[in-house]
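The values are calculated or read from the model by the stated rules, or taken from the named source; none is laboratory data. Source: prediction; values computed, not measured. Cβ placement follows ideal geometry from the backbone for every residue including glycine, while neighbour counts extend to all protein chains displayed.
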Amino acid sequence: IVWTEGEGWHDAAVLPYGPLVLDPAAAVLHYAQEIFEGLKAYRQADGSIWSFRPDANGRRLQRSARRLALPELSIDDFVESLRQLVSTDAAWVPSAPETSLYIRPFMIATESFLGVRPAQEVGYYVIASPAGAYFANGVSPVSIWLSTEYSRAGKGGTGAAKTGGNYASSLLPQAEAYEHGCAQVLFLDSVEGRYLEELGGMNVVLVYKDGTLVTPESDSILEGITRDSILQLARDRGHAVQERRVTIDEWREGVASGDIVEVFACGTAAVVTPIAMLKAEGFTVGSEDAPAGELTMSLRQELTDIQYGRLPDRHGWMTRLV
Ligand code: PMP
């Protein structure tokens, strides 16, 4: 769908997949004025195809648009864009266990203009790709690397928006995480360097001995839809849930004293991933062979059961696409 200043959104079309033609002076190539989303479509047992909380992704795209001075797309147009793409070929959505169709909506500034101001011509696109089970051999706990040198987003920056620049700044620390044998990098806040933020592409949750779930509160992290959903499922089971500032020392001391009994990461791609160990320059927390937490795995199971239609959708999270 194309947007132009004064005209709004127009010319929606479903086109064969292929290269985009962009002017070399397109604003997105120079000033990174772009945003995106990531969500999945799931095939349920009766063959119907559903997506999980697409309205929440649509609202997050609107919030990202405001921060990046891009036009907002209505939630209806957002959900309709997913439906139109997926229904071109429903066979695209795989049916093997734990597989899905990963959907990537994105919006870029297409205007050719080298001045620094919001573009007056914008394109919104949706592409998709079948996705295998994230953990082919069963869910296994991962280690994560604490970046003390780099932060992902600064105070007042674009951290809460889903925009490429945040990911560009995470690539180097993420590469360091791999070098240390870790699956993801953990970022701390950019002001004091001691409050937990999030991982390269997932949110983080600590589980206390008394059953309380704690997740970092910050205005520079991505508000994950998986996190919100997992916390809701935990509340439904009677767990206390706290969204508050958490220091790295609280994590270290909590694991050492036995007050923190499970830690997990969550996001659309891997759903819920147990974290066995945190590695940092000079110290580690937990141990590499720590087993997956019981609550972690049972919340993961409940969420995927809802997504694949194996459990009733009591919160009205599922939207049928085809
Ligand atoms: N934080 C970051 C930086 C991410 O890229 C993602 C994945 N979109 C998340 C958190 C988790 O968000 P969600 O649960 O909506 O996928």
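Worth pointing out:
- Of all residue pairs spaced 6 or more apart or on separate chains, those with beta-carbon atoms under 7 Å, a first member in the stretch 48-60 that is over 16 Å from TYR102 (Cβ atoms) and a second member that is away from the ligand (no atom under 12 Å from the Cβ) and modelled with pLDDT of 95 or more are SER48/ARG320; SER48/VAL322; ASP55/ILE75; ASP55/VAL79; GLY58/ILE75; GLY58/PHE78; GLY58/VAL79; ARG59/ILE75.
- Every condition in (1) surrounded by fewer than 17 Cβ atoms within 10 Å (Cβ to Cβ); (2) more than 16 Å from the ligand (Cβ to nearest atom); (3) modelled with pLDDT of 95 or more; (4) not polar (S, T, N, Q) holds for PRO97 except the one numbered (3).
- Restricting attention to the stretch 111-149, the residues being of a type in the set (A, V, I, L, M) and closer than 30 Å to LEU196 by Cβ number 7.
- Residue match in the stretch 192-209 (condition: within 14 Å of the ligand (Cβ to nearest atom), under 25 Å from THR296 (Cα atoms) and among the acidic types (Asp, Glu)): yes
- Cβ pairs under 8 Å, 6+ apart, first in the stretch 199-212 and surrounded by fewer than 16 Cβ atoms within 10 Å (Cβ to Cβ), second in a strand (DSSP E or B): LYS209/ILE260; LYS209/VAL261; THR212/VAL241; THR212/GLN242
- Count of the stretch 161-187 residues which are more than 10 Å from the ligand (Cβ to nearest atom) and part of a loop (DSSP other than H, G, I, E, B): 6
- Within the stretch 104-125, being assigned to a strand (DSSP E or B) and either charged (D, E, K, R) or crowded, with 18+ Cβ neighbours inside 10 Å (or both) holds for ARG104, PRO105, PHE106, MET107, ILE108, ALA109, GLU121, VAL122, GLY123, TYR124.
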